[in-house]
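First up is the structure itself, then whatever we jot down about it.
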Amino acid sequence: MMNLFKKKNELDDGSTPNEPAPDTPDDLLSNSRWLKFFDLFKGFLTRVGVDYPQFRLIVGYKLYMDAVDPSFMSTLDNGRRRAGKNAFFRGLWVYALVSLILIMFIGQFPKNPVVGLGTAMLFYTFMYMTVLVQAFSGSLLDVRDVGILETRGVSEKTRSAAQTAHILVYVLSLFIAMMTVPIVSSFFFMGIPDGVIFLVSSVVLMLVNYVVSIGLYAVVLHFFRGERLKNILSMIQIIIIVLSVFMYQLPNIMTQLSAHGGLNMNRPMQFAWFMALIYPFWFTGPNAWLQTQQFNAGGILTILMLAAMIISYFVYAPAMRRLTNNLSKLSESGEEPVHSGIFFRAMRRLVPQDKDQRTFFTLSWRMMQADGDYKMRVYPQMAIGIVMIIVVLVPTISNSGKQADILSVIQNNFVWSVAPLFCTIGIVTAIYFLRFSKNPSAMKLFATIPAFNKSVLYREAVRTVFVRLAAPLIIIVGLLTLFFLPPWKVLANILVGLGLGLLITIINGALMQGTAPYSTVFQAGQVNSGATLGGVLIAMVVATIGGFAIVFLPWWLTLIIGLILLVGSWFILNHSYNNVHFTLPGETDFE
């Protein structure tokens, strides 16, 4: 499956763009294992009204375009791919490797399917949603298909079937890569009956996940249009990725909770409210019912699973039809003006009064506001700080003992004092990704300006990272600690967090000032892990020093130090990067 296309040529590193791809459409239509798989359902598809020759041709060409598109899922092979080879299939080993983590849950909690199998299903669901953002969305939201195929006499049913089959190629591939190891391990740890039931439940979950994604996009497309629609879709994708960051920390959290003296997780559980909210847990119902022979919680979860199956069956066709009919909204140009919010206007007043500085601050703000790729790469990294708060908090809870002690430990935990500092973790990534843009050629405009001041452009881009991303997160997390700390202590912690966050921003800006902002098209192979690692190490040292100060110094002294750090760092930023020497796109054309 991972080698869907027949191997013919050696590695193509992109240096010979005119070399023909080794798999032509005719080769693909003749040799594709996926098309041969769909041939098994030719009779069924024909009976339901699908023009199978057209269906096969459309799916084949879609797979061919995925194979020759250099940007399709390039993050899976670090930007290096064989010509004509689908990056997704070549990167499935990564998901198979990740799935090895799930063996731990199934082996550790064999008597509690809701926790053991449920965690595996929840992890798979989040991975599916993450890949949906990276790869499936391009096919689900392809505006071009409708207009092109309708003019060539392709019926809506055939077009919809081809689109579904194209996406299912990746859905099935991901399912096999991620769930083969957990399913096989369930036979070993839980027995043959449980393994068989888990296999069936997992397949059903895969189909329900697909319908959920279709329904989610259909609802959003129905209620929104233009730029607001694109912003909502970006927001959904970012939320999915942020939640997936938390999922990577779940093994550590679950292990700590299972080690808690008063919490034995390797035993059957009664139905709880959270099981009704997290739908992947529903699909553990048959296994839980088989093990305990009790309606609570296995029977209840089984009923919810059956309800999800029935609803998905009846919802899929109208949701897919509504999605297809509303795809044209994506091609509509945004008629809404770009609104200047209160927060933006307030932050702009903090920028020095120089006209150029305010102009470039506004430019950088708008660039970040409009660039969905930047948000999807940086926002999850900014959210890691919040996840790390949970990771640090869980071990202390697991050693507390009684429930009363747990509440006391949570309230008096040192993590609330240093919580704003955790929000500085993502600053390094945010600074590094300033260099990337969808349309770097737009920066050629500044190369045409005589004696253009590059320092102002770079300074305001770096300032925007702090003002737009880091500062609001530090303030929000700090305010949330009001539930555990007195107000004056919270104010002092926030000021220290802001001061150190701005200092980390300035340092990393200085480390990475050799590249112009918004001047490069992103490719996974371009990421300089050495530069980001150095920045992260510096950020950790600075944040650690600040953490010791917050914990051991009195609040009033912390308040004074935080205020001095913030004002001093702001002054330093206003006079930083006066001698940047990066090259703007197109600048060499005028030499």
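The residues of region 488-511 that are more than 18 Å from PRO472 (Cα to Cα) and surrounded by fewer than 22 Cβ atoms within 10 Å (Cβ to Cβ), listed by number, are TRP488, LYS489, ILE507, ALA510, LEU511.
Looking at region 423-441, which of its residues are farther than 15 Å from GLN381 by Cβ and either part of a loop (DSSP other than H, G, I, E, B) or of a type in the set (Val, Ile, Thr) (or both)? Let's see the steps before the verdict.
Let us first name the residues in region 423-441 that are farther than 15 Å from GLN381 by Cβ, namely 435, 437-441.
Correct list: SER437, LYS438, ASN439.
Within region 405-422, the only residue that satisfies the criterion of being loosely packed, with under 15 Cβ neighbours inside 10 Å, assigned to a helix (DSSP H, G or I) and hydrophobic (A, V, I, L, M, F, W, C) is LEU407. For the condition open to solvent by less than 20 Å² (accessible area, probe 1.4 Å), over 24 Å from the mean Cα position of the chain (by Cα) and in contact (Cβ under 8 Å) with a residue 24 or more places away in the chain, ALA177 does not qualify. Filter region 370-396 for residues that are more than 16 Å from ILE427 (Cβ to Cβ) and not aliphatic (A, V, I, L, M); which is modelled with the highest pLDDT? The residue in question is ASP371. Filtering region 180-203 to residues that are open to solvent by less than 60 Å² (accessible area, probe 1.4 Å), over 26 Å from GLY60 (Cα atoms) and part of a helix (DSSP H, G or I) leaves VAL181, PRO182, ILE183, SER185, SER186, MET190, ASP194, GLY195, ILE197, PHE198, SER201, SER202.
Of the helices (runs of 4 or more DSSP H) entirely within region 1-67, those holding at least 2 residues that are at pLDDT 80 or above and over 35 Å from the mean Cα position of the chain (by Cα) occupy 42-47. Kindly indicate whether any position in region 455-469 is touching a Gly at 6+ places or on another chain (Cβ under 6 Å), open to solvent by less than 10 Å² (accessible area, probe 1.4 Å), touching a residue at least 60 places away in the same chain (Cβ under 8 Å) and over 28 Å from VAL415 (Cα atoms). There is at least one residue in region 455-469 that is touching a Gly at 6+ places or on another chain (Cβ under 6 Å), open to solvent by less than 10 Å² (accessible area, probe 1.4 Å), touching a residue at least 60 places away in the same chain (Cβ under 8 Å) and over 28 Å from VAL415 (Cα atoms).
The values are calculated or read from the model by the stated rules, or taken from the named source; none is laboratory data. In this text, all values refer to a predicted model and were calculated from it rather than measured experimentally. Using ideal geometry, Cβ is built from the backbone for each residue, glycine included, and neighbour counts are taken over all protein chains shown. Surface accessibility is based on the protein's heavy atoms, side chains included, excluding ligands, DNA and RNA. Shrake-Rupley method; radii C 1.70, N 1.55, O 1.52, S 1.80 Å.
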